[in-house]
1. Using only Cα atoms, find the angle between the long axis of helix 153-165 and the longest principal axis of the chain, and express it within 0 to 90 degrees, rounded to the nearest 10.
2. Using Cα pairs closer than 8 Å and at least 6 residues apart in sequence, work out the relative contact order for the stretch 34-172, in percent.
3. Against the longest principal axis of the chain, how steep is helix 91-110, in degrees 0 to 90 to the nearest 10, with axes from Cα atoms?
4. Can you tell me how much longer the chain between Ala249 and Ser60 gets when fully stretched, taken as 0.36 nm per residue apart minus their C-alpha distance, in nm with one decimal?
5. By its C-alpha gyration tensor, with a ≥ b ≥ c as the square roots of the eigenvalues, how is the stretch 219-288 shaped: rounded for a/c under 1.5, else prolate for a/b larger than b/c, else oblate?
6. Quick one: what Rg and Dmax do you get for the stretch 72-111 from the alpha carbons, in Å?
7. Pick from Arg200, Arg210, Arg232: which is most flexible by mean-square fluctuation in a GNM of the chain where alpha carbon atoms under 10 Å apart are linked?
8. In the stretch 10-83, which trypsin sites (Lys or Arg not before Pro) are in a loop and have at most 11 other Cβ atoms within 10 Å, using DSSP for the loop call?
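The values are calculated or read from the model by the stated rules, or taken from the named source; none is laboratory data. As the structure is a computational prediction, the values presented were derived from the model and not from experiment. Virtual Cβ from ideal backbone geometry, glycine too; neighbours counted across all protein chains shown. For accessibility, only protein heavy atoms count, side chains too; no ligands or nucleic acids. Shrake-Rupley method; radii C 1.70, N 1.55, O 1.52, S 1.80 Å.
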Amino acid sequence: MSKVRSEDGQNSGDKVFEGIPVGKEEAALFAAFLTGHDFSKNTRRAFSQDVRKFARWFSSANRERFTVSRITTRDVTDFREHLRREQGQAVATVNRCLVTLRRWLGWLVEQGHVANNPAKKVKELKRQALAPKGLDRSQVRKLLREVELREDVRAGAVFAVLLYTGCRVSDLVNLELHDLLLSDRSGTAIFRFGKGNKQRSVPLPLPARRALQVYLDTRPPIQTSQVFIGERGALTDRGIRAMCDKYSAFTGIKLHPHLLRHTMAHQYLTDNNNDLVGLAQLLGHESLNTTARYTKRSAEQLADSSERLTY
């Protein structure tokens with residue numbers, strides 16, 4: 001089987017299984033699975049992490065090389081229990097691993113490399129459906145004050161776009177200058193490479209337009225069409241996350257880009273009479289079921305409500 005190379009020239013399967021005893025074909029099979037699908041960079045990274053985690057556990061628990069033909073349903077079930085009970089990993093993390101294994105093994109069945117999918121019958125863990133956590137108004141205000149005090153116009157524009165459009169970090173780093181339509185009375189951002197390679201247009205409220213315009217007025221004229229730039233060119237996913245880490249230290253609030261997306265979703269529903277259809281369109285959700293999770297109560301809200309119980 002031909003080897004599939006990653007950007008650094010190393011076999012991508014070998015990189016995933018580095019330091020783990022595996023069979024002769026496993027690295028190439030996983031590499032072929034990744035390259036045979038139009039996965040996003042983040043999905044490829046997540047799948048690689050999950051498969052590496054399972055392969056390491058398999059070789060240790062069974063004291064043998066990790067070989068796809070030797071995977072049993074019991075292996076997948078025991079791995080699920082290992083992650084949950086021994087590692088204490090979150091239900092969502094465990095379930096993601098199961099989905100990854102089910103999908104890869106299903107592909108191996110389709111390609112004729114294994115006879116059956118041992119992960120097919122293993123059920124995902126059940127969990128209470130809670131709303132994704134977001135920032136409250138006081139925390140958003142604290143963040144924006146710290147940005148203003150430091151006169152950090154780039155961070156101000158980045159956080160404004162995240163908080164007022166609910167975009168993903170991938171939307172943000174791929175945003176180009178010609179994707180912005182700004183005027184005194186209105187504005188739009190076109191996210192051309194959303195999840196599933198779907199394009200959507202999102203309105204930019206006045207605070208976001210102002211923050212963007214201040215940044216654009218000071219943006220150095222370098223040879224890139226990306227809106228947000230750093231010292232070495234276009235700002236990357238890692239650069240945005242580093243910015244969040246920086247302001248986490250300033251504010252004492254653990255920040256990450258998706259937290260700001262959740263914050264926008266909660267605030268939009270609060271300010272617009274639970275308009276799920278509008279929010280789904282803004283966030284780029286295909287199904288209202290995905291958007292509806294924001295109508296559920298968070299763990300903190302449930303705790304506060306329980307404290308008010310009297311008998």
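1. Around 70 degrees separate the two axes.
2. Numbers: 79 pairs, mean separation 24.2, N = 139.
Over the stretch 34-172, the number comes to 17 percent.
3. Helix 91-110 and the main axis of the chain meet at about 50 degrees.
4. Values: separation 189, 0.36 × 189 = 68.04 nm, distance 3.85 nm.
Extending this stretch completely gives an extra 64.2 nm.
5. Numbers: a/c = 3.01, a/b = 1.60, b/c = 1.88.
In terms of gyration-tensor shape, oblate.
6. 11.0, 34
7. Ranking Arg200, Arg210, Arg232 by mean-square fluctuation puts Arg232 first.
8. Details: sites: Lys15, Lys24, Lys41, Arg44, Arg45, Arg52, Lys53, Arg56, Arg63, Arg65, Arg70, Arg74, Arg80; in loops: Lys24, Arg63, Arg65.
Here the trypsin sites (Lys or Arg not before Pro) that fit, given the DSSP loop and packing criteria, are Lys24, Arg63.
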